[in-house]
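One structure is given below, encoded as structure tokens.
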Amino acid sequence: MNEAIEASYNEAKKLYARHGIQVDDVLRKLSEIKISLHCWQGDDVQGFLFKDKQLSGGIAVTGSYPGRAGTPAELRQDLEKALSLIPGQHKVNLHAIYADTTEQVDLDQLEPRHFQNWVDWAKQQGLGLDFNPTLFSHPKAEDGFTLSHKDPEIRDFWITHCKKSRRIAEYFGKELGQPCVTNHWMPDGYKDAPVDRLAPRERLRDALDEIFSEEISEEYNIDAVESKLFGIGSESYVVGSHEFYMGYALTRGKSICLDAGHFHPTEVISNKLSSVLMFTDQLLLHVSRPVRWDSDHVVTMDDELLDIARELVRGDLLSRTHIGLDFFDGSINHVAAWVIGTRNTIKALLRAMLEPIEELKKAEEERDFTTRLALVEEFKSYPFGAVWDYYCAQNGVPVREEWLTEAKDYEQQVLLKR
């Protein structure tokens, strides 16, 4: 441990201790939080199941930064590098199109064996796996409808795929000893205003009921459903709206996925967390950064990220919240994007944990809003950076921007040679 880092940490501990904050305990709690790194940042959402496919379903990746992963082995190599630069022990989030197999199979034919290499790798790395059925970039999704499609044959194809996905997730949970969170998102919707908004939602409800009809223990698999306000090609109407999935999840005992980029540009999800978790046991949180629309930029430590972290910490909601990342930026180093987004998410949680929460709550209950405001503002300049540096050093990962040197070296030695 660098002496300067340790000395700064010890001085910071003294300052925080004045307000009853035991920093060593905070770091122990922080180390228990797992962030799920999304595999699709590493290859611009291409996947490996189908060759020469075009992105569809309202998904677009901009930029052509060199070095994206072209095989499952390359993607795992890149993930290993990213994880070596991030403190803590985490998870990796897979989409169905990232199957590692030489078999020619369609989405409705996928089995756990097609992901065996991922499971073996996760065991070796001490990681958990999360999962997502892929309901986009496929001929049966070209008209913008999947589980709510009016054609029963197409609808049945997607129902079967989602059922298979849940069994794959169950296998992940059993093999890795921790539950797999399986998130269900589909792009269904209309570009222009529809006449009939009800019928597609009825079909989606019934399709989801059929998918979830098979009982799978939450010891192995946790189901979540994800809403969206609009997308490319579904600007006027999305079947799976927030209200639809809120009602569905609460009446079916499923988790709700709140994505930071899936709401109105002036709407934030930090204000929704405490409300949603009053009525559901668990929540899936997709940390992203929208810029004017659902553009899924790399996560920065902006006000909304900090407010999300504060809500989770102040309400003691972390144990019921599964945190995953969801962005895809093809304009910067793919590995660096993971590192920046994940480190910022953990750093925001640390900042929230280093607030005098009980003192703030007491001031609020006593209507001492002056003290509340004063402390909130003063703690913004408390030396959380010294605590973060110590946490990184303690976990054997680079301190501050030192990680960038390693990422740049990796780019020269590995990424640019692909």
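Each reported figure results from applying straightforward, stated rules to the coordinates on display, with no laboratory input. Predicted model only: the values in this text are computed from it and were never measured. In this analysis, Cβ positions are derived from the backbone assuming ideal geometry, glycine residues included, and neighbour counts consider all displayed protein chains.
Taking H322, H19, H242 in turn, the Gaussian network model of the chain (Cα-Cα springs below 10 Å) assigns the largest fluctuation to H19. Each residue of region 101-106 was assigned a 3J(HN,Hα) from its phi angle through the Karplus curve 6.51 cos²θ - 1.76 cosθ + 1.60 (θ = phi - 60°); the sequence is 8, 9, 6, 8, 10, 9 Hz, with glycine and proline shown as x. Residues considered: F263, F131, F369. Largest GNM mean-square fluctuation over the chain, using C-alpha springs under 10 Å, is found at F369.
Among 65-78, 405-418, the peptide with the highest mean count of other Cβ atoms within 10 Å heads the list, and the full ranking is 65-78, 405-418. Which pairs break 24 Å Cα to Cα here: K13/K408; K81/K254; K34/K123; K228/K254? Cα-Cα > 24 Å for K13/K408; K81/K254; rest within. Going by the alpha-carbon gyration tensor, a ≥ b ≥ c the square roots of its eigenvalues, is region 155-294 rounded (a/c under 1.5) or, if a/c is not under 1.5, prolate (a/b greater than b/c) versus oblate? Because a/c hits 1.5 or more and a/b fails to exceed b/c, region 155-294 counts as oblate. Peptide packing for 212-224, 340-352 was compared via the average number of neighbouring C-beta atoms within 10 Å per residue; ordered from the highest value, the list is 340-352, 212-224.
Here the peptides 305-314, 288-297 are ranked by packing, the mean other Cβ count within 10 Å, and the order with the highest first is 305-314, 288-297. Helix content alone sets the calculated 222 nm mean residue ellipticity of the chain: runs of n ≥ 4 DSSP H residues at -39500 (n - 2.57) each, divided across all residues, give -13000 deg cm²/dmol. Compared with the dominant principal axis of the Cα atoms in the chain, helix 369-378 is inclined by about 90°.
Across the options V335, S227, I154, the greatest Cα extent toward the positive end of the charge dipole of the chain (unit charges at beta carbon of Lys, Arg, Asp, Glu) belongs to V335. Neighbours of R68 by Cβ distance under 9 Å: Lys/Arg scored +1, Asp/Glu scored -1, total -3.
Computed over the alpha-carbon atoms, region 249-368 gives an Rg to Rh ratio of 1.00, Rh here being the Kirkwood radius from the mean inverse distance. Taking the Cα centre of region 34-353 as reference, the dipole from Cβ charges on Lys and Arg (+1) and Asp and Glu (-1) amounts to some 700 debye. Counting only alpha carbon atoms, the long axis of helix 152-176 and the longest principal axis of the chain meet at about 40°. For a quick check, take a GNM of the chain with Cα springs below 10 Å and name the residue from F145, F172, F157 with the largest mean-square fluctuation. Highest fluctuation among the options: F157. Quick check on region 190-232: take the gyration tensor over C-alpha atoms, sort the square-rooted eigenvalues as a ≥ b ≥ c, and tell me if it's rounded (a/c under 1.5), prolate or oblate. Oblate, since a/c reaches 1.5 and b/c is not below a/b. Over all projection directions, the Cα-based convex hull of the chain averages an area of 20.8 nm².
Only aspartates and glutamates eight or more places from K272 in sequence, or on another chain, were considered; those with a Cα closer than 13 Å are E243, D259, E304, D307, E311. Give the distance, in whole Å, between the Cα centre of region 231-301 and the Cα centre of region 47-117. Using only Cα atoms, the two centres lie 24 Å from each other. Helix 384-394 axis versus longest C-alpha principal axis of the chain: approximately 70°, rounded to the nearest ten.
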